[in-house]
Every structure is written in C-alpha cells, then in structure tokens.
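Okay, so here's the structure we're looking at.
The values are calculated or read from the model by the stated rules, or taken from the named source; none is laboratory data. Model, not experiment: these values are computed from the prediction. Quick reminder, even Gly has a Cβ in these numbers, built from the backbone with ideal geometry, and neighbours come from all protein chains shown. With ligands, DNA and RNA removed, areas are computed over all heavy atoms of the protein, side chains included. Shrake-Rupley method; radii C 1.70, N 1.55, O 1.52, S 1.80 Å.
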Amino acid sequence: MQLLSVASEVYPLIKTGGLADVAGALPLALASHGVAVTTLLPGYRSVLAKLDRPLVAAKFDDLLGTKARLLRAELGGRDLLVLEAPALFDRDGGPYADAAGLDWPDNWRRFAALSRAAADIAGGAISGYQPDLVHAHDWQAAMALVYLRHAARRVPGVLTIHNLAFQGQFPAGIFRSLGLPDDAFDVDLLEYYGNVGFLKGGLQAADAITTVSPSYAQEIRTPEFGMGLEGVINARADRLHGIVNGIDTDDWDPARDPHLARTYSAGSLPRRRENRAVLARRFGIDPGAGPLFCVISRLTGQKGMDVLVAVIDDLVAMGGSLAVLGSGEPALEAAFRAAAVRHPTRVGIVTAYDEPLSHQLQGGSDAILVPSRFEPCGLTQLCGLRYGCLPIVARTGGLADTIIDANEAALAAGVATGFQFGRLDADTLRQTIARACAVYARPEQWRAMQRQAMRADVSWTHSAARYAALFAHLIGRSG
Ligand code: ADP
C-alpha cells in the first residue's frame, strides 16, 4: 500500500512539537506493516538546506498563484517530497510565524498550497507514483482532503488531529483564492461561522478521523474540549478513532543515547546519578536530597505552566528542585526566571529549544511534570517512562491513557508508573508533588516504580498496526 502523508513539520527536518515527532516516526513504524509512506512537507529554508541531492519530481506553474517544484529526497529511511515554493516558504523565522512570533499573514495560502499539491500528487502529478490513500495531519494539511473531494481522481483521506486548539480559520475573503467551486463554501464543508475553516473542512471531507489517544477522542466530543468543533465531530463520530502515539525507541533509548553522560538501563539505575549531577551543573543548581523535577515544554496555559509557577515555592520547601527547558508566553518565562532568582540553587531555566538537553533532562531528572489543562497525547511523559524519569501528570487526554497512578493499590501491586491528579489547581498539584516526594524518600519503592515505568511499551508497535488496519479497511482490503 502506498500512503502519502502530509504534514507541516517532520522530525528530524523541522520540529516545533509532537506533530513533528509523529510525522517523522510513524512512517518508519508503518513500513513493517506493508505501508510504504511518502511524506510531503513544505520547503522551508532550513529544510531545503538539509536535503541531500534532491531530484525534481514535478513542477507547478501556478500553485495557488505561485511557481513551485516538488523535490524528492531520502532522509534516515524516510521518502520525502518537499514542496519548494520560494514565495511561500523561503524566509527566516519559524514554520508558522516570523521571528517576533507573529503568524505569517499568508498562512492560508502557504498551507492551502501544500494541500493542493498533495491532492495533485494523488491525482497523478508525479509520473510513476500513485498513492492509494492520503493521510493529512492537523489544519495545515487538512485542506488536502477538501481538494481531494473535488479532484478528478479520488483516493480515501484520513485526517489526524494532533491538537484541536489549532484550527486554521481565515476570513471568508480568501475563499475565492483557494481555487475551489463555489459550493465548497458551505456549512457542510469549509464554512465556519462565516469564516473559512481549514480543519473544519478536513473533518467534513475525511473518510476517517483519528486523534492521538482514546481519551482525547472522547473529550473532543464535549464542549469543554471540542473548541467549538464538537458538533462537527459528534456528527462524524462513527468515523472517529483514538490511537495513542508512540515514540521512536531508537532515538529515545537510555542504553544507547549519545546525549547522556552515562547510558543506563532498568538494571543499572544508579548510573543515572552521574547524569543528574551533570544536569544540575548545567542548570546551575544543587538539588540536594529531594527529587529533581523537570519540565520540557512549551510554556503556555495549555500546559498548565501558570499553575506550576504558583507552586514552585512549595516544591522547593518540600526539598525538591526544578529544571525547566522551554519557551513560550513571555509572562510565564518571566515567572520561571523570577523563581530561579528566588531559589538560585534549586530552580533553573533554559529558555531555548534544545533537543540534546531534552534527552539529558529525561536521563538525569527524577520526575517530569506535565500538568496540562488538556493534552491530546503528550510525548514527554512517554519519554519519561522510557528513561525512568517518573511522570507527574494531569488526568486528561493521552496523559490519562499512558500513566498508571501510584495510588496505594497500584503501589502494592507494583504496577504504578507515575503520579496522576484529577483537577488542575495549585492545591492538587502541590499535594501530588508531595506524594511524589514521599515515595522518593523510600528509594526502594521509587526504584521499583522506575523499573516498572521502563517496562511500559511506549513504542509504535501496536499503534502502527492500528493505523495500518484502518488504512487497509479504507482502501477496501482486508487485514
Ligand atoms: P506539544 O506538541 O503540544 O508541544 P508534545 O508533548 O506532544 O507537546 O510534544 C512536544 C515535543 O517537543 C516532545 O518531543 C518534547 O521533547 C519536545 N520539546 C518541547 N519543548 C522542547 C524544548 N524546549 N527543547 C527541546 N525539545 C522540546
């Protein structure tokens, strides 16, 4: 089976979050299920610089008003098609926003063009290549399914929602430039409260909708998590599947991780101590006898960082210390910096995007804090399990599905892998941190939890099989 996957970020070429991890790792995992994936992504300046001798696979004279080429390349076992469209993607800054953090004003055209290219590829734009199915990730690729609907040659389309908070809504005035027939601007497709909704259109046009955990698949059907799209999603609930993400267990392997001062496994946990010491020096802190907590995250309200900020003094008073890696809302960055000034030996922050340091935090800290308000899947808690860095998580979305709380029964049965709390507020988070500190004070029990966490299957094995079965079903094959 030939699958065209379409995403706006793909690890290791370009990454701002979990979407890139999934779009980079799932194709590799699908290969053993007989699914050959080709991944289409935008030719951002930094992406083009990383391609090794790409070949021109197709040319467009007028792709939504601009000239473009499709470049074929290979990277780490991934077949790539990169949309080179200098007017749209050859610029400084991030994939979605300029260096100052402002969304590119032509994002609608940039990602409609990506989507249009995907539909054209499905329609035969590349000689000798014919995908059986298109898999679109998030709003940036969702329009591919809308274009497919109006294409001469239709193949089935799957939309995966990585985060419903990002919907790609634009003023109605752009509709004329999308190159779609008038009837596409309809409440049954693109029209969304008078605007054009890219994700909404994809939800309506998809043959199947997936999201990245079973709990989130349920949550997005409610007003609390549906972000206004719960009606559309409920109407298509028979097409909705929750498939939990995995992580690339080769990239994330404490026994072979080149970023760690000391590699280790479940049988050699004391070796983590050296990583902890290196980490403490890097963050300029002196953790002492209590647990060293870490955060690897966008610093935003979604991630519950405002609540964490409110309990840092208590965390320190309980004997803990905190190392934060992340950037985001300026007020939150400032609040973490202020905490580091108040507790110079116990709290440190690095406001950068630093892949090696994220591995070092997983391999050296005792616990990772993920107090999200909502979390479609979450990947850092999965990495935490694999590295024996015990996750402390809110009971929401994928966090609820992947972590077993250390309540008394779970501790007694030896199945606990982390700490969960039900309500995100300062009191509950404080109590949960206190629970973690209490277990940490019993080193045997803590180590038993670490070993149990490291036994959890966080690979793509099961989930890739589920995607493969869904794809096979959609293209009318059994199995
Ligand atoms: P989201 O996609 O909502 O940001 P996820 O948990 O799904 O959250 O994925 C986040 C990914 O980005 C993880 O792979 C995590 O390790 C990584 N990450 C987040 N912030 C940083 C950072 N500052 N430096 C390095 N990696 C980071």
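Worth pointing out:
- Modelled this way, with points 7 Å down the Cα-to-C-beta line, the labels at THR428 and GLU408 are 2.1 nm from one another.
- Summed residue charge, Cβ within 11 Å of ASP61's Cβ, Lys/Arg positive, Asp/Glu negative: +2
- Separation of segment 303-351 from segment 18-96 is 37 Å, based on Cα centroids.
- Most simply put, segment 1-73 has about 60% antiparallel DSSP beta bridges, counting only bridges with both residues inside it.
- DSSP finds beta bridges in segment 28-162, and of those with both partners inside it, around 60 percent are antiparallel.
- Accessible surface of ARG451 - all protein chains present, 1.4 Å probe, nearest 10 Å²: 80 Å²
- Between segment 109-157 and segment 180-220, the alpha-carbon center distance in angstrom: 15 Å
- Surface accessible to a 1.4 Å probe, ILE349 within the full protein complex, Å²: 40 Å²
- Under 27 Å from LYS67, Cα to Cα: lysines that are on another chain or at least 8 residues apart: LYS15, LYS50, LYS59
- For THR222, THR66, the ranking by accessible surface with the largest value first comes to THR222, THR66, using a 1.4 Å probe.
- Converting phi to 3J(HN,Hα) with the Karplus coefficients 6.51, -1.76 and 1.60 and the offset θ = phi - 60°, segment 4-17 yields 9, 9, 10, 8, 8, 8, 9, 5, x, 7, 7, 8, 10, x Hz in sequence order, with x at every glycine or proline.
- TRP252 accessible area, assembled protein chains, probe 1.4 Å, Å²: 30 Å²
- Whole-Hz couplings from phi, Karplus 6.51/-1.76/1.60, listed for segment 216-226; x for Gly and Pro: 5, 4, 6, 4, 6, 8, 10, x, 5, 10, x
- A Förster radius of 25 Å combined with the Cβ-Cβ distance from ARG281 to ASP103 puts the calculated FRET efficiency at roughly 0.05.
- Cα-based shape type of segment 21-102, given that a ≥ b ≥ c are square roots of the gyration tensor eigenvalues and the cut on a/c is 1.5: oblate
- The separation of segment 428-472 from segment 240-263, counted between C-alpha centres, amounts to 13 Å.
- Computed 3J(HN,Hα) for segment 367-382, one whole-Hz value per residue from the Karplus formula 6.51 cos²θ - 1.76 cosθ + 1.60 where θ = phi - 60°, is 8, 10, 9, 9, x, 5, 6, 9, 8, x, 10, x, 10, 5, 6, 5, glycine and proline marked x.
- Pairs of alpha carbons in the chain whose separation is greater than 30 Å (percent): 47 percent
- Local charge for PHE185 was computed over the other residues whose Cβ lies under 11 Å away, with Lys and Arg +1 and Asp and Glu -1, and equals -4.
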